[in-house]
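For reference, the structure discussed in these notes is given below.
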Amino acid sequence: MLEIFDGPVPVEEILVRWYRDEAGSNYGAYIPFIGTIRDEDEISGLSFDIYEPILESWFTAWQERAREAGAILKMAHSRGDVPLHTSSYVAAVFSPKRKVALKMINDFVEDFKASAPIWKYDLKDGKRLYAADRSTPISGSGLLGE
Amino acid sequence: MVRVEFLGPIQKEALEVEAATLRDVAAALQNDEEVKDWLESCAVAVNDTLVKSLDTELKSGDKVSLLPPVCGG
């Protein structure tokens, strides 16, 4: 399940809804990761662009990987502006036992950071500034510069 | 003609380019002052699938997307 929200992700609603949705699924572990906007570098918030077609295919491949491990993955992300101290990202793994879920949430979030087609901007002094120095080229980048 | 789209922070309108392979798209963009500095850091998708070869064949109506460095979360 992939959910996109305009503005902050409604964390409490999501965590409870996902918990309830899987309450009867016999998973012993529910491991969420929540990303919250910190007050740093005088920003008033962050902002995001998303390219949904490739985000969806990337997430579908991860769902298949989770299924092979007997687990499921859920993810929610913001589009547009997200103020300080609200959240832009929630991901969660459900699995029969905790070790699979703990490893998978780490691997999933790492690959998310490196591969998911989402672009981050700092909101600062009324401007929307691409966070170039915190961004990672997707594997295989540079093809057209050869 | 193929359509070339620039995603995220690349502030540029889509282009129509005559191209038989991605190599032709690369040649066209390397001469484009607005976009050439992005080429070293961008991934490339054809019809929303990431590709890794300049020999990737293109046909009229295909969509080529440039994806600059990402940072979700």
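Couple of notes before you dig in:
- Most mobile of A:L129, A:L46, A:L102 in a GNM of chain A (Cα contacts under 10 Å): A:L129
- Under conditions of 37 °C and 0.692 mPa s, segment B:2-67 yields 281 µm² s⁻¹ as its translational diffusion coefficient, taking Rh as the Kirkwood radius over Cα pairs in the Stokes-Einstein equation.
- Net charge of neighbours whose Cβ lies under 9 Å from the Cβ of B:L15, counting Lys and Arg as +1 and Asp and Glu as -1: -2
- Sequence-separation-based contact order of chain B, relative, with Cα cut under 8 Å and 6+ spacing, percent: 42 percent
- Amide H partners (placed H, <5 Å) of A:A131, local residues excluded: A:K120, A:Y121, A:D122
- Pairwise label distance in nanometres, A:L2 with A:S139, each label 7 Å out on the Cα-Cβ vector: 1.7 nm
- Our note on the geometry: Cα centres of segment B:25-73 and segment A:1-71, 28 Å apart.
- For chain A, built as a Gaussian network whose Cα springs stay under 10 Å, the top-fluctuating residue of A:V16, A:V100, A:V90: A:V16
- DSSP-defined beta bridges in segment A:1-88 - what % are antiparallel, rounded to 5: 50 percent
- Shown for the protein assembly as shown: lysine pairs separated by 8 or more places, or found on different chains, whose C-alpha atoms are under 22 Å apart, numbering 16.
- Efficiency of FRET between B:E40 and A:E40 - r from beta-carbon atoms, R0 35 angstrom, step 0.05: 0.75
- Per-residue ³J(HN,Hα) for segment B:16-28, Karplus 6.51 cos²θ - 1.76 cosθ + 1.60, θ = phi - 60°, Hz, x for Gly and Pro: 9, 10, 7, 8, 9, 9, 5, 4, 5, 5, 4, 4, 5
- Ranked A:S141, B:S53, criterion: other C-beta atoms within 10 Å, fewest first: B:S53, A:S141
- Computed from point charges on the beta carbon alone (+1 for Lys and Arg, -1 for Asp and Glu), the dipole magnitude for chain A about its Cα centre is near 580 Debye.
- For the protein assembly as shown, radius of gyration divided by Kirkwood radius, i.e. Rg to Rh on alpha-carbons: 1.02
- With 0.36 nm allotted per residue and the present C-alpha distance subtracted, the B:D32-B:Q11 stretch has 6.2 nm of extension available.
Each reported figure results from applying straightforward, stated rules to the coordinates on display, with no laboratory input. Computed from a predicted structure; not experimentally measured. Cβ: placed from backbone, ideal geometry, glycine included. Neighbour counts: every protein chain shown.
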